[in-house]
Amino acid sequence: MTTGAQALDEPIRSRRNHWNNQLAAHAQMRPEEVAVRFRGVDTTWKQLHERSLKFADALARRGVGFGDRVLILALNYPEYLETVFGINALGAIAVPVNFRLTPPEVAYIVSDSGAKAIVTDTVLAPLAAAVKAQSPALETCVVIGGASGDGVIGFDDALAEEGAPHTPLDIPEDTPSLIMYTSGTTGSPKGAVLSYANMNAQALTCIRALAIEPESVGFCTSPLFHIAGLGSLAPYFMLGAKTVLHPLGAFDATEFLDALEAEQATTAFCVPAQWQLICADPTVKDRKLALEALSWGAAPASDTVLRAMAEAFPTAFNVAVFGQTEMSPITCVLEGKDAIRKLGSVGKPIPTIQARIVDDEMNDVAPGEIGEIVYRGPTLMQGYWNKPEATAEAFAGGWFHSGDLVRQDEEGFIYVVDRKKDMIISGGENIYCAEVENVLFAHPLIREAAVVGRTHEKWGEVPVAVVALVDPDAELTIADLEPFLNENLARYKHPKELVVVAELPRNASGKVVKVQLRKDYSS
């Protein structure tokens, strides 16, 4: 029995059930089968495994070892996966980062995680350089598609290096594999620590919910910095099934359908706004597709969209998934047969977790009553990195507090009513009002600010900023704010409208009454 990472004989290490050992098994048993296909180019399981180990060697020679953190700031490429596997081969922790963030936002994550290396690509190299300039602790910068020089090393150059290989370790399943940063209500991002065991449990959830088999062909459109990206790939790593990695960029329904048809993908996940565009494409019904399972999440789907999906893909079953990063992420699944009948529901809790709906004193509420849904189970994160108080608060009473206020009907279906964490979901991205408010507070003309979500036909919700100015006679428009916001906040978090008021509504305790703001400005 081991109590931590140790250098042990291969037969002992190979007993571990995590995605690095799964990759090694596929490289041994099906070496020439395709693991990942990207832009028409195949990477076999053998190639993926060997390149990952060579990258681990390169990191080890630069001082990265067990427990160290390595930031990944890149678009979707096979090298992204090689980077994750290479980091994890050392027992180090991969820290995927949203490439839409500004340099100060990324620099905060570097500081909080204590990352000592960063992996980026040629597109995002200028952003990585700006982050590195603010982060002296970043000792190593590797650029996918780039060349070596000026304090950086190209990814392929790193793989081609001569030198001593890393020492293989026995890495227990409860070892941290990923730190996935998600914005918090205080305005500071929190890093959810996910273990190999968490990702295994997530893989089994997907296999069951989407009926994934070794012969399945997955189609990944989600960015790999998002748990929906790596989480959706976990079942394919476990089973040795093929994944088609779709390039990131402006979503084009025709290009998406072209790729689905060319690759004969059997499963695909999109947010409802994307499915709406796909179903409206005039060529959709003429396609020769192999789709067996459609999945959607991150935002509600209307009955119009669900009916359009059923009409466009009559032979595929439709599954809605719900959850959050801290749960790796899926907690509830709504099967297609119930999608219209239970419109607005996120489904039922998956069988592998425990869920309760409780009041503020942790008492179970009756069916139909509103309470917070709390969880336990194998997909639950280990905690928030470097934030013991936030972890203790989240785990109060021995259950993970989701922050989602829900009700459950008599058949056990869950309906989300509100969010304690005051979060806006826009185009599948989480926007926390406090984070945007903290940026607005720093503007010299703004005295106080509050952000609420407004319903939007395309994006689901968009943020609206309600502010009071230092000088009541001054003027401030959303266009005036843009340069300031560009420097301090990812663009998808920008308020889409600015409302200037004399005073924000407050209750007797002096707290802003957001219920009133939502009533006035959310529609």
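Laboratory data are not the source of any read-out in this text; all were calculated from the coordinates shown. The shown structure was predicted, so the numbers you read here are calculated from the model rather than taken from an experiment. Ideal geometry is used to build each Cβ from the backbone, glycine not excepted, and the neighbour counts take in all protein chains shown.
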Inset, instruction - Would you list the P(r) distribution for the chain, with all Cα-Cα distances sorted into 10 Å bins from 0 and each bin expressed as a whole %? - result: 4, 18, 28, 28, 17, 5, 1, 0
Legend entry - Amide H partners (placed H, <5 Å) of G67, local residues excluded: A92, I93
Inset, instruction - Per DSSP H run of at least 4 residues, take -39500 (n - 2.57); add these up for the chain, divide by its residues and hand me the 222 nm value, nearest 500 deg cm²/dmol. - result: -9500 deg cm²/dmol
Inset, instruction - Would you please give the residues with an amide H less than 5 Å from that of Y181, counting only those at least 5 places away or on a separate chain, with H modeled from the backbone geometry? - result: A192
Legend entry - Taking E139, E411 and counting other C-beta atoms within 10 Å, the order from fewest to most: E411, E139
Legend entry - Eligible lysines near K190 by straight Cα distance, threshold 22 Å, same-chain separation 8 or greater: K116, K132, K387, K420, K421, K493
Inset, instruction - Take the Cα of I340, step 7 Å along the line toward its Cβ, and report every residue of region 274-308 whose backbone nitrogen sits under 20 Å from that point. - result: 275-281, 285, 292-297, 300-308
Legend entry - trypsin sites (Lys or Arg not before Pro) within region 419-523, DSSP loop, no more than 12 other Cβ atoms inside 10 Å: K420, K458, K511
Inset, instruction - Could you check what % of the DSSP bridge pairs in the chain are antiparallel, to the nearest 5? - result: 60 percent
Inset, instruction - Return the sequence-ordered ³J(HN,Hα) values of region 483-495 in whole Hz as given by the Karplus equation 6.51 cos²θ - 1.76 cosθ + 1.60 applied to θ = phi - 60°, using x for Gly and Pro. - result: x, 5, 5, 4, 7, 10, 8, 4, 4, 5, 8, 5, x
Legend entry - Table column - 3J(HN,Hα) (Hz), region 438-444, Karplus curve with 6.51, -1.76, 1.60, x for Gly and Pro: 4, 5, 4, 4, 7, 6, x
Legend entry - Mean separation of Cα contacts under 8 Å, 6 or more apart, over the residue count of region 387-431: relative contact order %: 24 percent
Inset, instruction - Give the peptides 435-444, 238-247, 77-86 in descending order of average Cβ contacts within 10 Å, highest first. - result: 77-86, 238-247, 435-444
Legend entry - From phi via Karplus (6.51, -1.76, 1.60), per-residue ³J(HN,Hα) for region 335-350 in Hz, x at Gly/Pro: 6, x, 5, 10, 4, 7, 4, 10, 4, x, 7, 9, x, 10, x, 5
Inset, instruction - Could you compute the FRET efficiency for Q28 and A130, with r as their C-beta to C-beta distance and R0 at 30 Å, rounded to 0.05? - result: 0.10
Inset, instruction - Starting from the Cα gyration tensor of region 424-521, take the square roots of the eigenvalues, sort them a ≥ b ≥ c, and report rounded, prolate or oblate (rounded when a/c is under 1.5, otherwise prolate if a/b is larger than b/c, else oblate). - result: oblate
Legend entry - Cα convex hull volume per residue for region 195-353 (Å³): 103 Å³
Inset, instruction - Determine the equivalent ellipsoid of region 8-68 by diagonalising the alpha-carbon gyration tensor, then write out the semi-axes as square roots of 5 times the eigenvalues, largest first, rounded to whole Å. - result: 22, 17, 9
